[in-house]
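Take a look at the structure below.
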Amino acid sequence: MNKKFITGIQSSGTPHIANIYSIILPTISYISKINKNYLFFIFIADLHSITNYQNNNTLKNNIYKNAATWLSFLKFTKNVYFYRQSDIKEINELFWYLNCFYPFNRLKLCHVFKSNKNNLNTGVINYPILMASDILLFDINNVIIGKDQKQHIEITRKIAKIINNKFKENIFIIPKYKIRYNYIIPGIDGNKMSKSKNNIINIFDDKENLKKQIMNIKTTNKSIKSINYNKIKNTILFKLYKIITNKEEFTYLKEKIKNNKIGFYNIKIKLYNYILYFYAKQRKKYYYYINNKNIINKILYNGYKKVNKIAKKKIFFIKEKIGLNI
Ligand code: TRP
């Protein structure tokens with residue numbers, strides 16, 4: 001049987017640097033390096049994104065922005081399925097079944113549940129179960145995730161085990177996960193990069209905004225020359241530079257810093273120029289898709305047709321096991 005990979009990003013805006021480096025680029029590299037018999041399920045997690053209210057137009061635009069970002073990087077081959085979560089009704093159906101097998105007391109141990117306790121909607125609490133259903137519905141072997149999603153995959157594995165034990169049969173595959181960056185990617189203020197914290201770098205933004213984001217990366221007032229090299233290594237700017245640029249560029253920067261030949265301001269300018277140059281092709285493609293939403297719709301519809309068949313088959317099998325198809 002073909003091995004299957006999955007990954008998804010919430011449609012809460014244009015995916016930012018942290019999404020690109022922890023999810024999109026690793027996925028692209030797996031697709032190009034791994035045996036062609038592997039299948040890749042790549043989807044827009046629009047159902048997850050509505051756990052935080054977005055008005056109608058914002059949500060629609062965010063779905064397109066998410067799609068355009070993936071499409072600016074993806075090369076389509078037969079083994080890549082690109083689709084939208086809410087198009088696959090069976091995800092929601094499986095979601096209910098999974099809910100009925102996972103103890104609520106365990107769910108309450110999740111970090112989402114602990115973190116923003118006021119005003120939690122039920123969707124936020126059930127977020128990990130919906131993720132489990134994204135994954136288990138397709139018998140996925142490997143989930144590509146950022147470090148922050150690890151707990152959710154542990155829950156997915158646990159649910160699969162609980163159900164397999166209960167039915168004394170391997171109803172679900174227990175998925176593994178792949179984490180490219182084993183640390184949290186910082187935003188321009190040093191906290192975890194996140195849309196909701198307003199600290200992102202968006203490589204697809206117009207030049208002026210992109211420049212603003214880079215120039216706003218938090219640095220000290222001290223000149224770089226007066227700072228010990230080991231401390232420079234811990235600065236947000238240095239970390240982001242390391243994540244974003246390639247080896248050659250990063251080595252060049254390190255030499256410049258060690259030889260006292262560059263200050264914070266010019267490092268930022270270099271980073272800005274690097275992004276514009278390095279992602280010129282993706283930026284062009286992104287705008288092409290954003291301006292041709294009908295093409296995005298067509299691509300997503302094609303993805304839906306392929307994935308829908310697999311989903312229907314699995315749900316039929318699960319209903320049979322549960323006893324719902326009399
Ligand atoms: N929660 C993920 C995020 O960080 C998105 C997501 C939803 C996902 N379902 C998934 C990722 C299943 C991998 C597999 O936005």
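Some values worked out for this structure:
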item: Residue check, ILE34 near the ligand (Cβ under 10 Å from one of its atoms), assigned by TED's automatic domain parsing to the domain that holds ILE310 and either among the β-branched types (Val, Ile, Thr) or in contact with a Cys (Cβ under 8 Å, 6 or more places away or on another chain) (or both); result: no
item: Any helices (runs of 4 or more DSSP H) falling wholly within the stretch 1-77 and containing at least 2 residues that are in contact with a helix residue (DSSP H, G or I) (Cβ under 6 Å, 6 or more places away or on another chain); result: 46-49, 56-73
item: Cβ-Cβ under 9 Å pairs, at least 6 apart or on other chains, the stretch 124-152 side hydroxyl-bearing (Ser, Thr, Tyr), far side within 7 Å of the ligand (Cβ to nearest atom) and modelled with pLDDT of 95 or more; result: TYR127/HIS48; TYR127/HIS152
item: Scan of the stretch 209-249 for residues that are acidic (Asp, Glu) and surrounded by 12 or more Cβ atoms within 10 Å (Cβ to Cβ), ordered by number; result: GLU249
item: Residues satisfying the stated conditions in the stretch 89-139, i.e. at pLDDT below 90, part of a helix (DSSP H, G or I) and within 16 Å of the ligand (Cβ to nearest atom); result: HIS111, VAL112, PHE113, SER115
item: Every residue from the stretch 116-147 that is out of contact with any Lys or Arg (no Cβ under 7 Å at 6 or more places or on another chain) and among the acidic types (Asp, Glu); result: ASP134
item: Check on LYS147, farther than 20 Å from ASN99 by Cβ, modelled with pLDDT under 95 and within 12 Å of the ligand (Cβ to nearest atom); result: yes
item: Subset of the stretch 156-196 (residues that are farther than 29 Å from ILE217 by Cα, in a loop (DSSP other than H, G, I, E, B) and over 19 Å from the mean Cα position of the chain (by Cα)); result: LYS168, GLU169, ASN170, ILE171, PHE172, ILE173, ILE174
item: Cβ pairs under 7 Å, 6+ apart, first in the stretch 5-25 and at positive phi, second more than 8 Å from the ligand (Cβ to nearest atom) and outside any helix (DSSP H, G or I); result: none
item: Residue check, LYS89 surrounded by fewer than 17 Cβ atoms within 10 Å (Cβ to Cβ) and under 22 Å from the mean Cα position of the chain (by Cα); result: yes
item: Filter result for ARG157 (closer than 24 Å to PHE5 by Cβ, at pLDDT below 95 and within 16 Å of the ligand (Cβ to nearest atom)); result: no
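The values are calculated or read from the model by the stated rules, or taken from the named source; none is laboratory data. Note that the structure is predicted; figures quoted are calculated from it, not measured. Neighbour counts are summed over all protein chains in view; Cβ atoms, including those assigned to glycine, are modelled from backbone coordinates with ideal geometry.
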